[in-house]
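Q: There's a structure below that I have some questions on.
The values are calculated or read from the model by the stated rules, or taken from the named source; none is laboratory data. As the structure is a computational prediction, the values presented were derived from the model and not from experiment. Here the Cβ is made from the backbone with ideal geometry for all residues, glycine too, and neighbour counts use every protein chain on show.
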Amino acid sequence: MPKTKITLFSVLIAVIFISGCSSTAQVQIDSQFPTVVSKPKPVKAAIVFTEDFKRYIASPNSKTSIDLGSAQTELLSNAFAGLFNEIEFVSAVSDVTFENALVITPSVQEVQVSTPSDTYLNVYEVWIKYSLDIETVSGDQVDSWFMPAYGKTPDSFMLSKTNAIEEAAIIALRDAGAKLLLDFYRIPSIYNWLVTEQISENNRNRSSLSE
C-alpha cells in the first residue's frame, strides 16, 4: 500500500477513535444477574433500597449518564440473599419488621468513567464507590463500610462508547457483588456484632427455659 494511502487510513482510524471517545453516551444497564449459589449464615437482615438508590442515574461527566438503579438493586439483592438466611427488602428503615437483625442501607458515593481519550489506552473503565450503612434495628451504628468496585473492557476498538461503558459498568457491578459476598463477614465490627448477638440469643433462650 502506498505511503499516502497508509497515512490517510491512519488518519481515518484516528478520527473515528477520537469521535467515539468524545461523543455523548446515555447508558442503560440491561444485563440480568444470576442467583448467587452460596450458603447463607443464620442471620437476619433488612436491606433498605431507597427510591433514590433504585432509580439512581450516575453522571460521571457532562457527556455521560449511566442508569444503574435497576441493575444494582437486582445484583445486590442476589448477593445479600447469599449472606443471610432471613432477609427482607424495604424502601425505608421505618418499614423494617425484623427484630434482632442488621439493617443495611446501600448508597452510591461516586461513579467515575475513564475513556481511551483520557488514558490513551484502548479500554473503557468504570469505578463505582458504594457505602453500606449498617445498623441494628434499634438504630445503633455497627459500621459504615466503603465498598469500591471496578470494571473495564478488555478491548474497545469495535465497541461504541455507549456499549463499552455498559460492558465496563456490568463488570464493575459483578465486582461489587463478589466483594460483598467475600468480605462482608470479614468486617471486624460485623464479627463483633455476631458474637454479641449470639450471646444475647443464648441468654434469651435460657430465660425462656427458666420461666
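Q: Restricting to region 129-172, count the residues that are over 24 Å from VAL43 (Cβ atoms) and either outside any strand (DSSP E or B) or touching a Gly at 6+ places or on another chain (Cβ under 8 Å) (or both).
A: Adding up the residues that qualify gives 20.
Q: Look through region 151-191, keep the residues that are polar (S, T, N, Q) and at pLDDT below 95, and return whichever of them is nearest to ASN85 (Cα to Cα).
A: So, considering only residues that are polar (S, T, N, Q) and at pLDDT below 95, the one nearest to ASN85 (Cα to Cα) is THR153.
Q: Mind listing just one residue for me: the one in region 41-93 that is part of a loop (DSSP other than H, G, I, E, B) and at pLDDT below 95 and, of those, farthest from GLU167 (Cα to Cα)?
A: Checked region 41-93; the qualifying residue farthest from GLU167 (Cα to Cα) is SER62.
Q: Looking at VAL36, is it more than 25 Å from LEU159 (Cα to Cα) and modelled with pLDDT under 85?
A: yes
Q: Cβ-Cβ under 9 Å, sequence separation 6+ or interchain: first residue in region 181-197 and free of Cβ contacts under 8 Å to residues at least 40 places away in the same chain and loosely packed, with under 12 Cβ neighbours inside 10 Å, partner charged (D, E, K, R) and outside any helix (DSSP H, G or I). Which pairs?
A: Within 9 Å, the pairs are PRO188/ASP143.
Q: Restricting region 183-199 to residues that are β-branched (Val, Ile, Thr) and part of a helix (DSSP H, G or I), which is farthest from the chain's Cα centre (by Cα)?
A: ILE199
Q: Could you list, in sequence order, all residues of region 65-84 that are in contact with a Ser or Thr (Cβ under 7 Å, 6 or more places away or on another chain) and over 20 Å from VAL103 (Cβ atoms)?
A: Within region 65-84, SER65, ALA71 qualify.
Q: I've got another one for you. Scan region 105-155 for residues that are aromatic (Phe, Trp, Tyr) and under 18 Å from SER59 (Cα atoms) and jot them down.
A: TYR124, TRP127, TYR130, TYR150
Q: Hey, another quick one. Looking at (1) in contact with a strand residue (DSSP E or B) (Cβ under 6 Å, 6 or more places away or on another chain); (2) buried (at least 21 other Cβ atoms within 10 Å of the Cβ); (3) closer than 16 Å to ALA25 by Cβ, which one does TYR124 not meet, given that it meets all the others?
A: Only one criterion is unmet by TYR124, namely (1).
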